[in-house]
Each structure stands twice: as structure tokens, then as C-alpha cells.
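One structure is given below, encoded as C-alpha cells.
The values are calculated or read from the model by the stated rules, or taken from the named source; none is laboratory data. As the structure is a computational prediction, the values presented were derived from the model and not from experiment. Cβ atoms come from the backbone with ideal geometry, glycine included; neighbour counts cover every protein chain shown.
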Amino acid sequence: MSDIIHLLPDSVANQIAAGEVVQRPASVIKELVENAIDAGATEVQVAVTDAGRTSIQVVDNGTGMSETDARLSFERHATSKISGPDDLFNLRTMGFRGEALASIAAVSEVELRTRLSSSELGTRIVISASKLVSQEPVSCPAGSNFLVKNLFFNVPARRKFLKSNATELNNMLQEFERIVLVHPNISFIFRSNGAELYRLPAAPLMQRILAVFGKKMEAQLLPIGVDTSLVKISGYIGKPELYRKKGAHQYFFVNGRYMRHPYFHKAVVEAYEKLIPIGTQMSYFIYFEVDPRNIDVNIHPTKVEIKFEDEPAIWQILLAAIKEALGKNYEVPRIDFEPQDNPMFDRPGTPSGPVSPPKVDYHPGYDPFAGRGGEGRGAARGGRSAADWEKFFSDLDAKRAETSVAESPAMPDMAEKSSAIWQYKGRYLLMPMKSGLMFIDQHRAHVRVLYEQYLSQIRSMKGVSQGILFPEAVALSASEEAVLQEVSSDLAYLGFEITPLGGGSYAVQAMPEGTEGLDPSTLLHDMLHTAAETGKDVKSDVHSRLSLTLARSSAIVYGQVLSADEMAYLVDRLFATSSPNYGPDGKVVFIIMEDDQLRQSFS
């Protein structure tokens, strides 16, 4: 039998390595900018065309390379960062594997112009799919100028599965932000299709954070700092009252390198326990400095997963540092609860004259589905008239006319249900059924109703807007602007009216009906981060996520007391939806306790 094992050609091996190192255009930005930083650059410029599909250019004023080094830099495992195995445990540079340039050149066309500051002439090299096309002397500035064109031109499957330009640009900007936040002493410029998105001069850390995320961040952050023999921790953490449901800026850095570390993130979460609501997020920018010999960055080619030698001890130090910062700079407010003002079981009277719960100024015409004004969510306000109410639900009424409630396969047996509905703890609706007792989660029920309403508006392109008396100015980062461009039409169909003001600022002129009491800035940021998390070109998925986010924000809150009419309307609309049993997120909306279960409980 003949031998069948053989060595792969370098071009094939480079393409295999590129699958891990160069996952998308953002990977090219990361590798080239990190190389520029390792080369001692004080100025780095990035320019992309068509979100990196057509070209990616990175120019720096670093040390540059000689003619020999320029050619050798594109070979696999060729690096100037390390020379022996011991160097792996004392890394002080961003790169060290010697795979980045070889991997990039394997799946694109690369042109490099570079010159040492001590040389009069530089070198120009052109490589396509790992093959040297040309190398010649050229006049160019000191430093390096990398131009990457036609990324994945020889890997059609990888190019085909790139996302939309807005999504890929958002990913590139996120990688860029991670780098600039850890190197505030370096000047950066980022351009997309000729438009300048970032111009960041060298500045202190706080100034760099404000330049990236907006000046409002300064009032939202608290300093953190601790210096021990094991680790030095510095940076900023968010104030508890400024929590966010999603889209918080959360960054860990170690020795000048961005990292993801779920274990340390749990320390941050524990420090904020009981200070912020469950399920919300806090922004933080936390920098670790440790002995390079005590960490291992050689776990994954992307170098964002890092193992610490003394993780439990550092975890405790981080937790103590955050708690100390919160204790010094933030006073937790005291809240006094009055049990007598929070009835455990509310039973409204007849629809013609609902009985007010104890010590609550009740408005009989209040409608939980109507707009929420300046008094905030859950406040008592005058409701709509019956005619306005019916007009608001006209679309759902039409749907019920087409499909009767009795025909719905998810509809429980309500042939002999009682007309009475009770509210329990401001959270559940209780309704007697023929076969038992139904418990409905009022918030989830309203989310289901609103979700189908908003999804229908997007698909039919008939959103209902409510103008804002004083338009809200919202500052967006460059990455958020990229997402906004992609979903602007969908937001318009929902009822948003957003006008650009320039400089990353936008004015929210109108919002979807029923959301007027919500903060426009918070809601818009949540919507954009929802769209960014989807990361797909499948419109139906984006539409679903946007509708769900808006429904969750607009739905009645737990603890809100409802009248008999309001509860009846909510139940009526719930069972007019396509799937009343479950919410759009898959959570159970109602349960039924059978008569047999009740009898067994008392046996």
C-alpha cells in the first residue's frame, strides 16, 4: 500500500489558518491595527470601502520594515515579537503568533508599502492568495501602509455569508473601539467610504471614553482603583441609577489587551446586587495590570480569551474594589414601603362603578393601552373615550371577525366562564373557567398583544406615530449609527420619526403610539442594540426582535392596578391573538388550575 500522508501546500495551510484568524472584515482591522501599535505607532489611520468588502487600508507611522522583513512578514509563524518558548510567558505585545499577515494574504489581495525611518527608499509588495505578485523599491513615508482588497475573493462560501454592509461595519467599529479604549495615548482616525466616523487625538482615558461614547458618559461613571501585589485594577464603573436593559458598554482589558471574561463579569454583577433590577446591565471600563507570567493569552487565535493564574483571588479583589467605589461615591437611597397601600388582592366592582383600592386616586376611564404621558408609567391619568378605545383596537377587532375565538386551537374552554375577573398582587388576573381557575400574567399578556400589533405595523408599513412636543436629542456612537442606517425603514414603519442633526446626534420627533411616557433615548438605544444582536439579513427575524423590544417597553408593568373594563379588554385582546398561550419570547402567558387539582389540595 502506498503512502497517503503528505504535507499541505503553504497556500492551503494558510487558508485553513485564515478560517480562525480572519473570520470577517473586522478581524483584518484588529490584526493590522494591533501590528501598528506593536510597531510603536503614535498615529493610526483606518479607511474601509463597502464595509471591508472592497478594501481595508491601515496606515501607521511606526518603525516600518526593511525589504527582507517586509517579504518575510507574510510567511506563516514569522514574527518579531517572540524568539523562544519562554517568551510566551512574558508577552508585552498585542501579537505574537505570526499568523495574521499570512492568513490575511491567503484570502485577499494585499499591497504593502513600508519604509524604515533610517532608509531613503521603501518597499512595495503585492501578494494575492499567498502568491507573491511583485516586489519593488518605492518612495513612501516612514511606517507601514497595508491595503487589503477583495477579501475572501478565493473563498466564495465565506464571502457569501458575510452580513449586510451595516452589520459588518458595526462589527468593525466595535473592534476599533476596543483598541482605541486601551490605547488613549495613540491618535486614531476611522473613515468609511470617505466619510470620517472617528477622529481621536491622544488624550487621557476619560477623554477617550467621552470621545467614543459621548460627553454624557462623564456624569454616568465612577472611578475605580486598587493596587495590590497580585493585580492593579483601574478604570470606571457606571452609577447604579443609570442601569440599562441592554446595550451597556462593558469592557475588560488586561495589560493593554481587550478580553472577555465571564467569571470576572460575575464579580461586577454581584457588586451591583440589590442596587439595580434583575436582568439589567451596568456599563464598566475595567483595566487589569498583572505580571505577564501569571496569565496565558495563547488560548485562542483571536487572543480575547485569557486565563489567569490566580482567578479566585483577583475575583475577590475586583468585587471589593467595585463595592468600595460604590460606597465612596454613591449613596444608596432608602425606600419606605407602605404595605397598606399595596393591596394583595384587588376585586373591582361592577363595570359601571369600579371600587377604588385603598388610598389610590383612581380614574375610571384609565386605559393601560393608551399613551403614557409625562407622569410616567403606571400613574393615574385620564383615559380615552370608548370610541377612541375601539378605534385603537380596530385592527385586532377585524382579526377577531375573521377568526372566531371558539375556532382558536389554543383557546381554553370558556363556554361557561364567569364575567368576573380579579387582579392578584398587581401581577396576575384570575378568571373562573368551566374546568377550573385561570391565572393570566398581565404583563406577558400585554406583551403578546402589542407584539402582534407592532409586527403587523412593520409588515403592512402602517405605523401609528405620536408626535413629541419637545423632540428628544439622542447621541449615537458610530457603531450605533451603522445599525440605524440598516433598520431606519423598520423603525419608521413602527412609528418612529428620527431626524439627523449631525455629529452623531439625532432628534426623535415622534414615537409609536402607546410609548409616549417612555424615555426616547433609552428606547432607541435598546432597539438598535436588539437589531445589532440579531446580526442577520433575515428581515423577518429583525422585525420580530424589534417588535418584541418595543412591546416589552410599552406593556403595562407589574403592580399596575387595572379596572374591570381594562382587565376585560386585555383578556379579550389576548385571545384574539394567534398564540395566546405563549408570549413571543416563548414564556407561558396563562395557566389553568383544574377543579381536580383544587379538590386534591383540600383532601
Out of (1) surrounded by fewer than 20 Cβ atoms within 10 Å (Cβ to Cβ); (2) touching a strand residue (DSSP E or B) at 6+ places or on another chain (Cβ under 8 Å), the odd one out for D69 is which?
-> (2)
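Anything in segment 542-552 that is of a type in the set (G, A, S) and either surrounded by fewer than 21 Cβ atoms within 10 Å (Cβ to Cβ) or not in a helix (DSSP H, G or I) (or both)? List them, or say none.
S544
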In segment 223-248, residues that are over 27 Å from D526 (Cα atoms) and outside any strand (DSSP E or B) total 4
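Restricting the search to segment 126-153, which residues are part of a loop (DSSP other than H, G, I, E, B), at negative phi, buried (at least 16 other Cβ atoms within 10 Å of the Cβ) and without any contact (Cβ under 8 Å) to a residue 60 or more places away in the chain?
C140 - this is the single residue of segment 126-153 that is part of a loop (DSSP other than H, G, I, E, B), at negative phi, buried (at least 16 other Cβ atoms within 10 Å of the Cβ) and without any contact (Cβ under 8 Å) to a residue 60 or more places away in the chain.
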Meets criteria (among the hydroxyl-bearing types (S, T, Y) and either crowded, with 17+ Cβ neighbours inside 10 Å or modelled with pLDDT under 80 (or both)) for T515 | yes
Given the conditions (1) surrounded by fewer than 16 Cβ atoms within 10 Å (Cβ to Cβ); (2) at pLDDT 90 or above, and given that Y272 satisfies all but one, which numbered condition is not satisfied?
-> (1)
Scan segment 249-267 for residues that are among the hydrophobic types (A, V, I, L, M, F, W, C), within 15 Å of K307 (Cβ to Cβ) and part of a strand (DSSP E or B) and report the count.
-> 3
Among the residues of segment 478-494, is there at least one that is assigned to a strand (DSSP E or B) and among the aromatic types (F, W, Y)?
-> no
Pairs where the first residue, in segment 203-228, is without any contact (Cβ under 8 Å) to a residue 12 or more places away in the chain and the second is loosely packed, with under 12 Cβ neighbours inside 10 Å and among the acidic types (D, E), C-beta under 7 Å, 6+ apart = none
Please work out which one of (1) closer than 17 Å to D38 by Cα; (2) modelled with pLDDT under 90 is the condition L162 fails and give its number.
-> (1)
The residue from D526, D572 that alone is outside the structural domain of M282 (by TED's automatic domain parsing) and at pLDDT 80 or above is D572
Assess whether S164 counts as being more than 23 Å from the chain's Cα centre (by Cα) and of a type outside the set (F, W, Y).
-> no
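Among the listed residues E480, E472, identify the single one that is farther than 30 Å from Y582 by Cα, touching a helix residue (DSSP H, G or I) at 6+ places or on another chain (Cβ under 6 Å) and buried (at least 22 other Cβ atoms within 10 Å of the Cβ). It would help to see each step written out before you state the result.
Numbers: E472 fails: buried (at least 22 other Cβ atoms within 10 Å of the Cβ).
Residue meeting the stated conditions: E480.
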For segment 438-448, indicate whether the set of residues that are part of a helix (DSSP H, G or I), of a type in the set (A, V, I, L, M) and either crowded, with 22+ Cβ neighbours inside 10 Å or touching a residue at least 60 places away in the same chain (Cβ under 8 Å) (or both) is non-empty.
-> yes
If you go through segment 450-467 one residue at a time, do you hit one that is at pLDDT 85 or above, within 30 Å of G426 (Cα to Cα), of a type in the set (A, V, I, L, M, F, W, C) and buried (at least 21 other Cβ atoms within 10 Å of the Cβ)?
-> yes
Selection within segment 546-567 - under 25 Å from L494 (Cα atoms) and among the polar types (S, T, N, Q) | S547, T549, S553, S554
Members of segment 282-322 found to be touching a helix residue (DSSP H, G or I) at 6+ places or on another chain (Cβ under 9 Å), assigned to a strand (DSSP E or B) and modelled with pLDDT of 85 or more, listed by number = Y284, F285, I286, Y287, F288, F308
Taking segment 123-146 and keeping residues of a type in the set (S, T, N, Q), over 8 Å from R113 (Cβ atoms) and over 39 Å from the mean Cα position of the chain (by Cα) leaves S134, Q135, S139
Looking only at segment 156-212, count how many residues are within 17 Å of G503 (Cβ to Cβ), aromatic (F, W, Y) and crowded, with 21+ Cβ neighbours inside 10 Å.
-> 1
Of the residues in segment 580-603, those that are surrounded by fewer than 18 Cβ atoms within 10 Å (Cβ to Cβ), in a loop (DSSP other than H, G, I, E, B) and at pLDDT 85 or above come to N581, K587
Residue among K216, K245 that alone is surrounded by 13 or more Cβ atoms within 10 Å (Cβ to Cβ) and in the same structural domain as I295 (by TED's automatic domain parsing) | K245
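Being out of contact with any Leu (no Cβ under 9 Å at 6 or more places or on another chain) and either part of a helix (DSSP H, G or I) or not assigned by TED's automatic domain parsing to the domain that holds A47 (or both) is the filter here; which residues of segment 159-168 pass it?
Within segment 159-168, K160, N165, T167 qualify.
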